[in-house]
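Colleague: The structure is given below, and queries will be raised subsequently.
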Amino acid sequence: MLKSKTFVKKTRSGGVMKIVREHYLRDDIWCGSEFCVECKQDSTVLQQDACIESNLLSSPHYLIPDTNVVLHQIDILEDPLIRNVIILQTVLQEIRHRSAPVYKRIKDVVHDKEKHFYTFTNEHHRETFIEREQAESANDQNDRAIRVAAKWYSEHLKNAPKAEELKIVLLTNDRANKEKAEESGLVAYKCEEYIKSLIANPELVDRLALTSDDQNEITTSKLLFPEHLPLSRIQAGIKSGSFLQGTFRASRDNYLEATVFVHGEGEESTEVLIQGLQNLNRAVHQDVVAVELLPRDQWVAPSSVVLQDEGPKEDDKEEEAENMLRCEANEAMLKPTGKVVGIIKRNWRPFCGMLSKSQIKEATRHLFTPADRRIPRIRIETRQAAALEGQRIMVAIDGWPKHSRYPNGHFVRNLGSAGDKETETAVLLLEHDVPHQAFSQAVLSFLPKMPWRITEEDMKNRVDLRHLCVCSVDPPGCTDIDDALHCRDLENGNLEVGVHIADVSHFIRPGNALDQEAANRGTTVYLCEKRIDMVPELLSSNLCSLRSNVDRLAFSCIWEMNHNAEILNTRFTKSVINSKASLTYAEAQMRIDDTSMNDDITKSLRGLNKLAKILKKKRIEKGALTLSSPEVRFHIDSETHDPIDLQTKELKETNSMVEEFMLLANISVAQKIYDEFSECALLRKHPAPPPSNYDILNKAANSKGLLIRTDSAKALADSLDEAKVDGFAYFNTLLRILATRCMMQAVYFCSGMDSDFHHYGLASPIYTHFTSPIRRYADIIVHRLLAVAIGADCTYPDLMDKHKQSALCNNLNYRHKMAQYAQRASVAFHTQLFFKNRGILNEDGYILFVRKNAIIILIPKFGLEGTVFFENKDKPSPRLTFNEEAPTLTVEDHTFHMFDKVKVTISLDSSNIQHQKIRMALIEPVIPGVSVALPEGEPEAKKAKLDR
């Protein structure tokens, strides 16, 4: 049966367009129930045994939630207890428009076979389709569609055998909808009413999101915050210029301060400072807000005070904290200051943290303290507070009424005991938004069937290179081998060098579920003891991994070079290779150095190493930077999995050899894809830092009487090479570590959306990522572009769409940044574990930065940074004089400069279980009343080695 749907749409030019769509109604949409004998369905989803013990219903029942229940109570619907639920098409469509994250979560629940959630296409079913009535709002029409579908299910299953007792239950928090449902003979409950009636799981009540009706109960009558303006007022204000729109960024160090990052035209952007509770007006970190600038005479300077929110305070104490913010500031330090007048978009997510149990006996309302210091405390209601003490939990915010000091929220789930390795890893992944759930069946369904072998079809557009002496060189224990190399002599006296990269794009086809999942993850995340793969293990560690002595599909970049490493010819081809050896960096180095070895693999490695040294020399002459950052490697106990030793990573010549050819391949491919697709090549750039970034580097060099030139990368590289201090060998490394901190972040971008392609750190006019497609999604796109450029694969629309490419780059940049933060957090956690079992260690270190009341120290042995504070709550502060220009800090009569050598004690401070930190105290230089005495006996750092 054919119907037509008519609606009007506003066009860009301001006109109105009438759209008529054909709408087919069918008789073959089945109900999905095991009870039914009428529907000719092959398989069913809704069970006959649909009993959940409830005080309201003793009979089996199916649930039909309305849109708002799905939207706000998704945590409840995800619980294993809730099964046999009918999700209507009407509800699903509205969710899709209103919340992408909830839409994804409900789709995942529907795909989970254990849950028995059934989607019923009510809008295409002849008996449940409804037309909009005159003067009926879209909301009322949807409510009526849900009631009609619920009624149809009741009637349809009424006569089914064994279904006499079956009830269809409508869950709605809308009073009018509930009343109308009951008038038409339906069973309808409020979501809260139904959940509270469940006998099997009383804890489920804690996961109920507060609805606007409940929120008033948890507030005081006193108005604490100004009213938020309605969206219409905000939009008008932004248009007229009286309000600014931006992203709210809370401060980690000061709960009464934030900045709003206002996006301007092109590169233009401004920051507005917000200070004080009233002006922050219930905005939460990452919300999109509307701000109003305060008059110039009310502008303030950013506060240098560290203020942590210690929980509810009396009004006068709150006022006292706000007064501490206001410091005397000269005109130059004042920043544009404003207040939040409304919220445009809430960016709330479930937050990890710990419960601060109420002191009141039998209380059910408690404060939750998030792990992220930028998030305010959240008030939740729970009956299991005693069990949740000392646990890491997840909590979601439901709302923040203007009468309430803190937002209201609900308990989502328990992650485990605080300090436990598994729990802390889960927290770290959740807090850095790293997608880490197991790959879904939909994703896994696109993997090749095993046993897999190379077919004749695979060999089309491919060159057979299995005869070449190819080998891979990687860190020990590496199973996702992306790249392999070869070098051989040609008859004309030149050399042939090949970089062979895993052909991941052969297995991951554009647009399917596997591709979408990899695009969303963006990168593999390497934690200290865990790897979160971007693609399923069958690909990452097996079929795509270029392991030795198996045939593998590759994408090869092959150069003809002379002995001066000058490229005479470049070709790209899809290929089949068979690696002759999987070596570690140390094994490859041993082969190169062992003169008695002269097999093909060793000869190939020596040829590569010789060329790599020439390539590196040329690169450095062009101005490429050699920077430094102290990277650490943990030695993990095989039984307890605790770190038993901590060392800085040692780099060998072979690390540099592999790196040189990877860089060369990336540059060659970047040029090729840009020549072919000037508008949609995915490239990587590294912007030059603004001159002010180098201030700290210049001050550090000046303190030792040296000059660092920063007008170009070449000038910087040369002056870093020349910067040496007699008798202080580590000085140059410290300077390079500092120079690394001055750099900008390298980013992916689409060539059609930018004009500056330069890579500052590599001194290359163009660059991309091609060599690691197993662990980076950017490389998969680059492979696809290159394959189209050489005619080895076909294109698809999104690949040639610069706007889509640009949006993809934004996600990749975000994922890479978060992966980096997660990796750092993992190192920090494992460092804490290492020191937990060590007591107090004494180590030499160097001052990296001098602050107003502290010095920041680097311990080279552990690649560890820590802070020595000179102000302590428990004892009187010493005399401090800070010179910002030098910079120096004089403590009593001793002056500290950057890069001074000091001796410190290192220990773990676990007084705050949620924010454990490494504490450092000064031993040398000896300052009476400030430094601590050297502990008696042999330093424990020496003894620690014996633990192995």
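The values are calculated or read from the model by the stated rules, or taken from the named source; none is laboratory data. The model shown is predicted, which means the values in this text are computed figures rather than measured ones. So basically every Cβ, Gly included, is an ideal-geometry build from the backbone, and we count neighbours across all protein chains shown. These accessible areas exclude ligands, DNA and RNA; they are computed on the full protein's heavy atoms, side chains included. Shrake-Rupley method; radii C 1.70, N 1.55, O 1.52, S 1.80 Å.
Colleague: Are any residues in region 648-673 within 30 Å of Thr710 (Cβ to Cβ), open to solvent by 60 Å² or more (accessible area, probe 1.4 Å) and over 29 Å from the mean Cα position of the chain (by Cα), and if so, which ones?
Modeller: Glu653, Gln671 - these are the residues of region 648-673 that are within 30 Å of Thr710 (Cβ to Cβ), open to solvent by 60 Å² or more (accessible area, probe 1.4 Å) and over 29 Å from the mean Cα position of the chain (by Cα).
Colleague: Okay, moving on. Considering only region 892-911, I want to know if a residue exists there that is small (Gly, Ala, Ser) and not in a loop (DSSP other than H, G, I, E, B).
Modeller: yes
Colleague: Quick check on region 912-934: of everything there that is touching a strand residue (DSSP E or B) at 6+ places or on another chain (Cβ under 8 Å), within 30 Å of Ala371 (Cβ to Cβ) and not in a strand (DSSP E or B), which residue is least open to solvent (accessible area, probe 1.4 Å)?
Modeller: By that ranking, first place goes to Gln914.
Colleague: Can you give me the number of residues within region 103-137 that are at pLDDT below 90, in a helix (DSSP H, G or I) and either polar (S, T, N, Q) or touching a His at 6+ places or on another chain (Cβ under 8 Å) (or both)?
Modeller: Of the residues in region 103-137, 0 are at pLDDT below 90, in a helix (DSSP H, G or I) and either polar (S, T, N, Q) or touching a His at 6+ places or on another chain (Cβ under 8 Å) (or both).
Colleague: Further, regarding this structure: Can you find even one residue in region 722-732 that is open to solvent by less than 30 Å² (accessible area, probe 1.4 Å), at pLDDT below 85 and part of a loop (DSSP other than H, G, I, E, B)?
Modeller: Within region 722-732, one or more residues are open to solvent by less than 30 Å² (accessible area, probe 1.4 Å), at pLDDT below 85 and part of a loop (DSSP other than H, G, I, E, B).
Colleague: Scan region 832-852 for residues that are in a helix (DSSP H, G or I) and either modelled with pLDDT of 85 or more or open to solvent by less than 50 Å² (accessible area, probe 1.4 Å) (or both) and jot them down.
Modeller: Gln832, Leu833, Phe834, Phe835
Colleague: Next up: For residues in region 401-415 being under 26 Å from the mean Cα position of the chain (by Cα) and open to solvent by 20 Å² or more (accessible area, probe 1.4 Å), which is farthest from Arg207 (Cα to Cα)?
Modeller: If we take residues in region 401-415 being under 26 Å from the mean Cα position of the chain (by Cα) and open to solvent by 20 Å² or more (accessible area, probe 1.4 Å), then Leu415 is farthest from Arg207 (Cα to Cα).
Colleague: Would you please list the contacts, defined by Cβ atoms under 6 Å and residues six or more apart or on different chains, that run from a residue in region 743-758 that is assigned to a loop (DSSP other than H, G, I, E, B) to a residue that is of a type in the set (Val, Ile, Thr)?
Modeller: Taking only residues 6 or more apart or on different chains, the pairs are Phe757/Ile766.
Colleague: What residue, of Leu611, Leu514, is out of contact with any strand residue (DSSP E or B) (no Cβ under 9 Å at 6 or more places or on another chain) and either part of a helix (DSSP H, G or I) or open to solvent by 20 Å² or more (accessible area, probe 1.4 Å) (or both)?
Modeller: Leu514
Colleague: Hey, does region 816-831 have a residue that's buried (at least 21 other Cβ atoms within 10 Å of the Cβ), of a type in the set (Phe, Trp, Tyr) and closer than 19 Å to Val525 by Cβ?
Modeller: no
Colleague: Failed condition for Asn564, given (1) of a type outside the set (Lys, Arg); (2) under 26 Å from Lys672 (Cβ atoms); (3) part of a strand (DSSP E or B), with all others met?
Modeller: (3)
Colleague: It is to be established whether one or more residues within region 467-476 are open to solvent by 20 Å² or more (accessible area, probe 1.4 Å), over 16 Å from Glu659 (Cβ atoms), at pLDDT below 90 and within 40 Å of the chain's Cα centre (by Cα).
Modeller: Scanning region 467-476 turns up at least one residue that is open to solvent by 20 Å² or more (accessible area, probe 1.4 Å), over 16 Å from Glu659 (Cβ atoms), at pLDDT below 90 and within 40 Å of the chain's Cα centre (by Cα).
Colleague: Quick test for you: out of Glu422, Glu529, pick the one residue that is within 32 Å of the chain's Cα centre (by Cα), closer than 30 Å to Ala387 by Cα and in a loop (DSSP other than H, G, I, E, B).
Modeller: Going through Glu422, Glu529 in turn, the sole match is Glu529.
Colleague: Moving on to the next point. In region 113-123, what residues are under 11 Å from Trp30 (Cα atoms) and in contact with a strand residue (DSSP E or B) (Cβ under 8 Å, 6 or more places away or on another chain)?
Modeller: Scanning region 113-123 gives Tyr118, Thr119, Phe120, Asn122.
Colleague: Right, here's the next one. Kindly evaluate Leu224 against the criterion of being open to solvent by less than 80 Å² (accessible area, probe 1.4 Å), touching a Pro at 6+ places or on another chain (Cβ under 6 Å) and in contact (Cβ under 8 Å) with a residue 60 or more places away in the chain.
Modeller: Criteria not met by Leu224.
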